[in-house]
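Asker: Handing you a structure now.
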Number of protein chains: 2
Amino acid sequence: MELLKSKVEETSKKITQFGYEEGAGMTRLLYTKEWLSAQNTFLELFEKSGFQAYSDDVGNIYGRLEGTEYPDQVIMSGSHVDTVVNGGNLDGQFGIEAAFIAMQYLKDKHGSPKRTLEVVSLAEEEGSRFPYVFWGSKNIVGIADNDAVKGLTDNKGVNFVDAMKQCGFDFATERTVRKDIKAFVELHIEQGKVLETEGKQLGVVTSIAGQRRYNITLKGEANHAGTTPMGYRKDTVYAFSKICCQSIDKAKAEGDPLVLTFGKVVPKPNTVNVVPGDILFTMDCRHTDKEKLIGFSDQIIEDMKQICAEMEIEIDVDLWMDEEPIPMDPALVDLIDSTLEAKGANYKRMHSGAGHDAQIFAPRVPTGMIFIPSIAGISHNPAEQTDIDDLTVGVEALINVLYELAYN
Amino acid sequence: MELLKSKVEETSKKITQFGYEEGAGMTRLLYTKEWLSAQNTFLELFEKSGFQAYSDDVGNIYGRLEGTEYPDQVIMSGSHVDTVVNGGNLDGQFGIEAAFIAMQYLKDKHGSPKRTLEVVSLAEEEGSRFPYVFWGSKNIVGIADNDAVKGLTDNKGVNFVDAMKQCGFDFATERTVRKDIKAFVELHIEQGKVLETEGKQLGVVTSIAGQRRYNITLKGEANHAGTTPMGYRKDTVYAFSKICCQSIDKAKAEGDPLVLTFGKVVPKPNTVNVVPGDILFTMDCRHTDKEKLIGFSDQIIEDMKQICAEMEIEIDVDLWMDEEPIPMDPALVDLIDSTLEAKGANYKRMHSGAGHDAQIFAPRVPTGMIFIPSIAGISHNPAEQTDIDDLTVGVEALINVLYELAYN
């Protein structure tokens with residue numbers, strides 16, 4: 001335990017330096033020099049620890065321990081190396097470090113695995129530099145869309161392909177689809193506070209919630225706040241408030257794992273003495289069950305159209321993100337569960353409300369996820385943190401799961 | 001009627017040129033060159049028409065027709081010459097033009113009045129250049145606060161006193177309080193659509209609503225929209241929506257003349273996938289009855305504190321404007337009413353939901369107001385407009401009222 005803890009601290013220190021700024025947290029965007037240094041450092045670390053270290057065309061970094069009995073059956077674990085702007089050093093990064101430390105530990109203690117173990121440092125997940133997400137994992141499973149990224153530029157006008165080339169990478173010469181992955185296991189911070197609130201150290205993820213995101217605009221009538229009697233108004237802030245109250249109340253009645261958020265609200269003209277004639281707001285709805293996600297969100301949209309019709313307010317609904325829920329592999333979930341159970345771990349089965357690389361692997365290879373707690377649920381923020389004991393317990397859990405998968 | 005109509009068009013054209021821009025409406029701010037040109041033009045117009053034309057220390061412009069029997073009893077009419085940024089050419093300006101045309105008409109038809117008639121072009125009402133309102137009328141009744149304006153600067157950093165001096169004006173050498181005003185009558189566009197909706201051409205204003213304006217901030221907890229179950233949230237947009245719905249419903253139940261507006265809403269961080277942890281919103285409440293204004297708004301604030309307490313959300317309430325309702329002079333209201341009635345005018349008694357110079361005069365001299373319709377209720381906007389027939393009917397009404405006050 002103490003050895004693992006110091007390994008966690010030592011490895012984190014080596015990687016965190018690339019993109020860290022005091023007070024500003026981590027900013028390590030795809031194909032920047034911080035990103036390249038972090039990937040090169042992982043490559044060296046893997047090599048020095050006796051892994052076969054290599055990179056693929058787009059910059060995913062691998063460390064491989066060849067299996068003695070089933071070398072073509074790969075048990076892969078890792079996460080993404082990129083961060084959001086002003087994020088933390090756990091979201092993504094710790095999943096790579098944990099897999100690396102776990103595999104080192106297993107090799108040192110048990111020698112070569114029966115099945116091949118591979119740690120992966122995925123090139124990109126966040127979409128923080130270019131508006132394209134899961135570039136790393138999508139390349140591994142063969143669903144990356146080169147045409148979609150070719151025209152993308154970052155906020156300084158740098159082209160995606162040029163940024164890639166500056167780091168020494170280019171598109172895969174032919175569409176690679178790894179057929180040898182027998183299981184993918186991702187360890188990640190929860191980025192919520194369910195584990196903390198319930199006093200659990202580990203989460204066994206059963207599925208990743210699907211999500212629908214909307215931009216909704218209402219058009220009423222802007223009027224003088226003093227000279228327009230209440231009965232004459234088409235007040236869009238009032239209409240929005242009715243919609244928000246009714247929808248959130250219905251979401252609470254529906255219960256977990258449904259979540260519904262009205263995160264952005266922009267009335268016009270947005271000034272104290274004018275009845276707001278227009279409003280733009282967003283709705284974000286998530287659920288682990290596809291039918292329930294669709295059924296609930298469709299009903300909420302119908303409700304709000306009804307509210308607007310009664311108020312003679314125009315409504316425009318734009319569903320701009322519609323991602324299905326992704327279940328983890330039931331057999332792998334059970335294996336993780338029973339492994340933790342056998343070790344007497346303090347864990348719970350739960351879903352993920354956030355998106356992860358695991359959702360790209362899951363429809364194609366047996367995939368599972370392990371969560372560790374986030375202090376106060378904070379993530380995508382320099383204050384992102386997890387207790388060192390919880391980090392270490394996470395590595396231990398991964399050791400036990402990877403042992404079951406690669407040594408048994 | 002046709003003669004008055006052409007007088008209205010001709011006078012409007014002469015004054016509108018100062019500050020008008022195609023597509024951008026009128027912008028004529030205090031102590032700018034457009035403002036000075038407009039005031040000088042009024043001065044010339046008054047002079048040419050046989051009025052004694054003069055200016056006071058701060059730049060209010062007067063045209064005087066000396067009374068034959070009671071020269072010391074002044075019947076004053078007019079409004080403000082300044083506009084908001086990108087406003088129209090009726091708000092303020094037309095009240096001066098109407099008074100000038102009405103007094104010219106009376107002089108031409110009936111000769112000198114028994115009581116002195118004075119048209120006034122008030123220097124400022126809107127507070128659009130410097131954050132101080134009613135500078136013109138406050139100087140006339142002796143309540144202008146020189147110390148309050150001394151330190152003010154416009155958005156280009158120009159000081160109030162310097163701007164004043166550049167136009168050739170300085171503070172009044174001693175505090176002037178006009179004691180000779182027997183009645184003040186202001187004609188103004190309604191800036192609402194009550195008259196239009198009810199098919200009336202004139203409004204007899206009984207009082208100007210008091211208003212209370214608040215900035216209210218709520219502090220809950222910002223959370224990830226995907227990973228935070230509904231039961232864990234302290235969602236300030238949801239709290240605001242509850243407050244808004246309940247408050248507006250109560251305002252509607254209370255009924256006219258109460259109005260309640262939540263015009264500005266700014267959540268933080270205001271993004272689709274974060275439960276909003278903070279929100280700032282404004283509340284604007286108006287009523288013609290002081291006790292009811294205080295009672296209702298105090299109750300609404302208590303309600304929202306209750307809602308926040310139940311949701312464990314912090315609330316901070318800042319009441320930054322608290323203006324009492326101002327009744328017009330009952331005898332003058334009756335005189336205007338009976339005069340219009342006798343002429344068969346199509347009018348209604350009503351209150352004003354907006355503030356006007358009349359509210360500065362009203363506590364000190366007998367004051368009345370006449371409203372004319374605003375097309376679609378639009379004002380403080382380049383699209384501000386009133387039908388030429390309604391403008392002319394307004395001038396006729398003023399002629400009849402001023403006749404009663406100055407010739408009878």
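The values are calculated or read from the model by the stated rules, or taken from the named source; none is laboratory data. None of these values were measured; they are calculated from a predicted model. So basically every Cβ, Gly included, is an ideal-geometry build from the backbone, and we count neighbours across all protein chains shown. For the accessible areas, the whole protein counts, side chains as well, though only heavy atoms, and no ligand, DNA or RNA atoms are used. Shrake-Rupley method; radii C 1.70, N 1.55, O 1.52, S 1.80 Å.
Asker: Pull up the stretch B:260-286, narrow it to residues that are among the hydrophobic types (A, V, I, L, M, F, W, C) and crowded, with 22+ Cβ neighbours inside 10 Å, then point me to the one that is farthest from B:Q211 (Cα to Cα). Break it down into steps so the answer makes sense when it comes.
Answerer: So the first thing to find is which residues in the stretch B:260-286 are among the hydrophobic types (A, V, I, L, M, F, W, C), and the list is B:260, B:262, B:265-266, B:272, B:274-275, B:279-281, B:283, B:285.
Retained after the next criterion (residues that are crowded, with 22+ Cβ neighbours inside 10 Å): B:260, B:262, B:265, B:275, B:279, B:281, B:283, B:285.
Numbers: B:L260: 10, B:F262: 13, B:V265: 19, B:V275: 33, B:I279: 23, B:F281: 17, B:M283: 10, B:C285: 6 Å.
Of everything passing the filter in the stretch B:260-286, B:V275 is farthest from B:Q211 (Cα to Cα).
Asker: Go through (1) in a strand (DSSP E or B); (2) crowded, with 18+ Cβ neighbours inside 10 Å and name the single condition B:P257 misses.
Answerer: (1)
Asker: Is it the case that A:A183 is within 22 Å of the chain's Cα centre (by Cα), assigned by the TED database to the domain that holds A:V58 and among the small types (G, A, S)?
Answerer: Numbers: within 22 Å of the chain's Cα centre (by Cα): yes; assigned by the TED database to the domain that holds A:V58: yes; among the small types (G, A, S): yes.
Yes; evaluated as a whole, the condition is true for this residue.
Asker: For A:A342, which of the numbered conditions (1) at pLDDT 95 or above; (2) within 22 Å of the chain's Cα centre (by Cα) fails to hold?
Answerer: Failing condition for A:A342: (2).
Asker: Just one of (1) surrounded by fewer than 24 Cβ atoms within 10 Å (Cβ to Cβ); (2) at the interface with another protein chain (Cβ under 10 Å from one of its Cβ atoms) trips up A:S207, so point out which.
Answerer: Going through the list (1) surrounded by fewer than 24 Cβ atoms within 10 Å (Cβ to Cβ); (2) at the interface with another protein chain (Cβ under 10 Å from one of its Cβ atoms), A:S207 breaks only (2).
Asker: Right, something else. Can you tell me how many residues within the stretch B:179-193 are closer than 20 Å to B:I96 by Cβ and within 14 Å of chain A (Cβ to nearest Cβ)?
Answerer: 4
Asker: Among the residues of the stretch A:34-61 satisfying the criterion of being farther than 17 Å from A:C167 by Cα and open to solvent by less than 20 Å² (accessible area, probe 1.4 Å), which is farthest from the chain's Cα centre (by Cα)?
Answerer: Looking only at the stretch A:34-61, we keep the residues that are farther than 17 Å from A:C167 by Cα, and these are A:45-53.
In the following step, the residues that additionally are open to solvent by less than 20 Å² (accessible area, probe 1.4 Å) were identified as A:46, A:51.
Values: A:F46: 24, A:F51: 27 Å.
So the residue we want is A:F51.
Asker: Among the numbered conditions (1) under 25 Å from B:G255 (Cβ atoms); (2) open to solvent by less than 30 Å² (accessible area, probe 1.4 Å), tell me where A:E221 comes up short.
Answerer: For A:E221, the exception is condition (2).
Asker: While we're here: Does the stretch B:164-183 include one or more residues that are part of a loop (DSSP other than H, G, I, E, B), charged (D, E, K, R) and touching a Ser or Thr at 6+ places or on another chain (Cβ under 6 Å)? Give the steps one after another, and end with the answer.
Answerer: First pass over the stretch B:164-183, keeping only residues part of a loop (DSSP other than H, G, I, E, B): B:167-180.
After this cut, where a residue has to be charged (D, E, K, R) as well, the list is B:170, B:174-175, B:178-180.
Those left that are additionally touching a Ser or Thr at 6+ places or on another chain (Cβ under 6 Å): none.
No, there is no match, as no residue in the stretch B:164-183 is part of a loop (DSSP other than H, G, I, E, B), charged (D, E, K, R) and touching a Ser or Thr at 6+ places or on another chain (Cβ under 6 Å).
Asker: Facing chain B (nearest Cβ under 7 Å), surrounded by fewer than 20 Cβ atoms within 10 Å (Cβ to Cβ) and either closer than 26 Å to B:N223 by Cβ or of a type in the set (G, A, S) (or both), is that true of A:K252? Walk me through how you get there before you give the answer.
Answerer: Details: facing chain B (nearest Cβ under 7 Å): yes; surrounded by fewer than 20 Cβ atoms within 10 Å (Cβ to Cβ): yes; either closer than 26 Å to B:N223 by Cβ or of a type in the set (G, A, S) (or both): yes.
In short, yes.
Asker: Does B:G95 fit the bill of being crowded, with 16+ Cβ neighbours inside 10 Å and not charged (D, E, K, R)? Before the answer, list the steps.
Answerer: Numbers: crowded, with 16+ Cβ neighbours inside 10 Å: yes; not charged (D, E, K, R): yes.
Here the answer is yes, as B:G95 does meet what is asked.
Asker: Collect the residues in the stretch B:156-171 that are surrounded by fewer than 15 Cβ atoms within 10 Å (Cβ to Cβ) and under 19 Å from B:L36 (Cβ atoms), keeping them in residue-number order.
Answerer: Kept after step one, since they are surrounded by fewer than 15 Cβ atoms within 10 Å (Cβ to Cβ), are these residues of the stretch B:156-171: B:156-157, B:162, B:165-166, B:168, B:170.
Matches in the stretch B:156-171: B:K156, B:D162, B:K165, B:Q166, B:G168, B:D170.
Asker: Looking at the stretch B:371-382, which of its residues are more than 9 Å from chain A (Cβ to nearest Cβ) and buried (at least 23 other Cβ atoms within 10 Å of the Cβ)?
Answerer: Across the stretch B:371-382, the qualifying residues are B:F371, B:I372, B:P373.
Asker: Only residues that are buried (at least 18 other Cβ atoms within 10 Å of the Cβ) and either free of Cβ contacts under 8 Å to residues at least 40 places away in the same chain or farther than 14 Å from A:L90 by Cα (or both): list them for the stretch A:1-33, please.
Answerer: A:L4, A:K7, A:F18, A:L29, A:L30, A:Y31, A:T32
Asker: Let me ask something additional. Could you run through the stretch B:133-163 and say how many residues are over 22 Å from the mean Cα position of the chain (by Cα), over 13 Å from B:Y31 (Cβ atoms) and part of a helix (DSSP H, G or I)?
Answerer: Qualifying residue count for the region: 2.
Asker: Only one residue in A:D298, A:D303 is closer than 24 Å to A:E324 by Cα, more than 10 Å from chain B (Cβ to nearest Cβ), charged (D, E, K, R) and touching a Lys or Arg at 6+ places or on another chain (Cβ under 8 Å), so which one is that? Can you show your working first?
Answerer: Values: A:D298 fails: touching a Lys or Arg at 6+ places or on another chain (Cβ under 8 Å).
Only one candidate qualifies: A:D303.
Asker: Here is a follow-up. Report every pair of residues separated by at least 6 positions or lying on different chains whose Cβ atoms are under 8 Å apart, first residue within the stretch A:172-191 and at pLDDT below 80, second buried (at least 24 other Cβ atoms within 10 Å of the Cβ).
Answerer: A:A172/A:V58; A:A172/A:N139; A:T176/A:N139; A:T176/A:I140
Asker: State all residues of the stretch A:210-225 that are touching a Gly at 6+ places or on another chain (Cβ under 8 Å) and at the interface with another protein chain (Cβ under 10 Å from one of its Cβ atoms); if no residue qualifies, say none.
Answerer: Pass one, the stretch A:210-225, residues touching a Gly at 6+ places or on another chain (Cβ under 8 Å): A:211, A:219-225.
Of everything in the stretch A:210-225, those that are touching a Gly at 6+ places or on another chain (Cβ under 8 Å) and at the interface with another protein chain (Cβ under 10 Å from one of its Cβ atoms) turn out to be A:Q211, A:E221, A:A222, A:N223, A:H224, A:A225.
Asker: For A:S241, all conditions in the list (1) assigned to a helix (DSSP H, G or I); (2) closer than 30 Å to A:M328 by Cα; (3) free of Cβ contacts under 8 Å to residues at least 24 places away in the same chain; (4) open to solvent by less than 20 Å² (accessible area, probe 1.4 Å) hold save one; what is the number of the exception?
Answerer: Tallying (1) assigned to a helix (DSSP H, G or I); (2) closer than 30 Å to A:M328 by Cα; (3) free of Cβ contacts under 8 Å to residues at least 24 places away in the same chain; (4) open to solvent by less than 20 Å² (accessible area, probe 1.4 Å), A:S241 fails exactly one: (2).
Asker: Identify, please: which residue in the stretch A:371-380 is in a loop (DSSP other than H, G, I, E, B) and at pLDDT below 95 and is, among those, farthest from the chain's Cα centre (by Cα)?
Answerer: Residues of the stretch A:371-380 in a loop (DSSP other than H, G, I, E, B): A:373-374, A:378-380.
Next cut, at pLDDT below 95 only: A:378-380.
On the way: A:I378: 14, A:S379: 11, A:H380: 10 Å.
Only one residue fits best here, namely A:I378.
A quick yes/no check of all residues on (1) farther than 27 Å from B:V84 by Cα; (2) not in a helix (DSSP H, G or I):
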site	(1), (2)
B:D334	yes, no
B:E341	yes, no
B:K348	yes, yes
B:A354	no, yes
B:R364	no, yes
B:M369	no, yes
B:P382	no, yes
B:E404	yes, no
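Asker: Let me ask something else. If only one of B:T228, B:T176 is among the polar types (S, T, N, Q), more than 10 Å from chain A (Cβ to nearest Cβ) and over 22 Å from the mean Cα position of the chain (by Cα), which one is it?
Answerer: Numbers: B:T228 fails: more than 10 Å from chain A (Cβ to nearest Cβ).
None of the other options fit; the residue is B:T176.
Asker: Let me ask something else. Would you check which residues across the stretch A:128-145 are open to solvent by less than 20 Å² (accessible area, probe 1.4 Å) and among the basic types (K, R) and list them?
Answerer: Result: no residue meets the conditions.
Asker: Quick one: B:G199 ticks every box in (1) open to solvent by 20 Å² or more (accessible area, probe 1.4 Å); (2) touching a strand residue (DSSP E or B) at 6+ places or on another chain (Cβ under 8 Å); (3) more than 25 Å from A:P373 (Cβ to Cβ); (4) more than 7 Å from chain A (Cβ to nearest Cβ) bar one, so which box is it?
Answerer: (2)
Asker: Something else about it: Look at the stretch A:224-238 and say how many of its residues are open to solvent by 40 Å² or more (accessible area, probe 1.4 Å) and aromatic (F, W, Y).
Answerer: 1
Asker: Can you give me the number of residues within the stretch B:136-188 that are hydroxyl-bearing (S, T, Y) and more than 18 Å from B:L122 (Cα to Cα)? Quick ask: steps written out before the conclusion?
Answerer: Of the residues in the stretch B:136-188, the ones hydroxyl-bearing (S, T, Y) are B:137, B:153, B:173, B:176.
Now narrow it down to the ones that are more than 18 Å from B:L122 (Cα to Cα): B:153, B:173.
Matching residues across the stretch B:136-188 total 2.
Asker: Separate question: Could you list, in sequence order, all residues of the stretch B:261-292 that are at the interface with another protein chain (Cβ under 7 Å from one of its Cβ atoms) and in a strand (DSSP E or B)?
Answerer: To start, the set of residues in the stretch B:261-292 that are at the interface with another protein chain (Cβ under 7 Å from one of its Cβ atoms) comprises B:261-265, B:267, B:270-276, B:282, B:284, B:286.
Hits for the stretch B:261-292 are B:T261, B:V265, B:P267, B:V274, B:V275, B:T282, B:D284, B:R286.
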